[in-house]
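The values are calculated or read from the model by the stated rules, or taken from the named source; none is laboratory data. As the structure is a computational prediction, the values presented were derived from the model and not from experiment. Cβ placement follows ideal geometry from the backbone for every residue including glycine, while neighbour counts extend to all protein chains displayed.
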Amino acid sequence: MAVRELRRFKPYPAYKDSGVDWLGEIPAHWEVKRLKLAADFNPPASEVRGLPADTDVSFVPMEAVGEYGGIDLSRNKPLAEVAAGYTYFRDGDVVVAKITPCFENGKGALAERLTNDIAFGTTELHVFRAKSKIDRRFLFYVTLGDAFRRLGEADMYGAGGQKRVSESFFKNFKHPLPPQAEQRAIAAFLDRETARIDALVAKKGRLIELLQEKRTALITRAVTKGLDPNVPMKDSGVEWLGSIPAHWEAKALSRTLLRITYGFTNPMPVADVGPYMLTDRST
């Protein structure tokens, strides 16, 4: 968020030192707690032991977990198929990818609208379940914060593409906790603002797509129709090409190139490769 946007927020009456290096001062009435005091971690799948084996539940592989929120819930499986060997979570739990590069890329979500309120997913997830002192949406946004991701990345263990963030990092991560009413207000504010930003990103993405399409169309128009819109035209005899300037010729590339090479291989014979070279017979 830009500095000028932050200026519209009024400061709190008083602040205090948080005692956490990366955090600095916090509002005087806020507390700093380790996450293990605010959330339970990786609840046991024994919670669903009494359910029928054919109960449908959401199945969540890593590719179904969004970056900065959201889960693709298009997959279901019977409980019997996933009750062992997968990570268990329920509606209202917060899931965070623990393996590189998924953790650094922000993969994580607040689980909502799960089939029968239950999901089993990739073992590369840690699960947070909010206790009574923390709002679940506020907890979700804590896991998206820069400090959480940056310090978690520094704590990774393992080698290469198998580096992971430990459960101990999550449990011992210190974060400020406002009163619950403020937590809910902050979460609601972030819901609105992130939705607005996502909409702007999507709009800009569509604009980029349109500009790329315009760029391609401009190049195609120039190399197949020329620059003079008033020049006499004729049928090229090529289905995809249509009309071309009357003084141009359509030729197979094999008739205009000496050779075609690929990478660092030896030259290969020129074949009729399909696209046509347009040449100006008047020059």
- Message: Could you tell me how many of the residues in the range 167-183 are part of a helix (DSSP H, G or I) and closer than 17 Å to Val32 by Cα?
- Response: 8
- Can you work out which of the residues in the range 42-69 that are under 14 Å from Asp93 (Cα atoms) and surrounded by 14 or more Cβ atoms within 10 Å (Cβ to Cβ) is farthest from the chain's Cα centre (by Cα)? Ala45
- Query: Taking the range 229-255 only, how many residues are in a loop (DSSP other than H, G, I, E, B), aliphatic (A, V, I, L, M) and over 19 Å from Leu218 (Cα atoms)?
  - Reply: 2
- Task: With the checklist (1) acidic (Asp, Glu); (2) touching a Phe, Trp or Tyr at 6+ places or on another chain (Cβ under 9 Å); (3) surrounded by 14 or more Cβ atoms within 10 Å (Cβ to Cβ); (4) closer than 22 Å to Phe140 by Cβ in hand, flag the one item Glu81 doesn't pass.
- Result: (4)
- Which listed residue, of Ser132, Ser166, is in the same structural domain as Glu63 (by TED's automatic domain parsing), surrounded by fewer than 19 Cβ atoms within 10 Å (Cβ to Cβ), under 28 Å from Val57 (Cβ atoms) and out of contact with any strand residue (DSSP E or B) (no Cβ under 8 Å at 6 or more places or on another chain): Ser132
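Listed residues Pro27, Pro44; which is touching a residue at least 40 places away in the same chain (Cβ under 8 Å) and closer than 30 Å to Pro11 by Cβ?
From the options Pro27, Pro44, the qualifying one is Pro27.
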- Task: Give me a count of the residues in the range 102-129 that are within 15 Å of Glu63 (Cβ to Cβ), in contact with a Phe, Trp or Tyr (Cβ under 6 Å, 6 or more places away or on another chain) and assigned to a loop (DSSP other than H, G, I, E, B).
- Result: 1
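Determine if the range 21-35 includes at least one residue that is assigned to a loop (DSSP other than H, G, I, E, B), of a type in the set (D, E, K, R) and either within 28 Å of the chain's Cα centre (by Cα) or on the phi > 0 side of the Ramachandran plot (or both).
Filtering the range 21-35 down to residues assigned to a loop (DSSP other than H, G, I, E, B) leaves 21-24, 28-30.
From what's left, of a type in the set (D, E, K, R): 21.
From the residues that got through so far, the ones that are either within 28 Å of the chain's Cα centre (by Cα) or on the phi > 0 side of the Ramachandran plot (or both) too are none.
There is no residue in the range 21-35 that is assigned to a loop (DSSP other than H, G, I, E, B), of a type in the set (D, E, K, R) and either within 28 Å of the chain's Cα centre (by Cα) or on the phi > 0 side of the Ramachandran plot (or both).
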- Message: Please go through the range 58-94 and give me each residue that is in a strand (DSSP E or B), free of Cβ contacts under 8 Å to residues at least 40 places away in the same chain and of a type in the set (A, V, I, L, M, F, W, C), ordered by number.
- Response: none
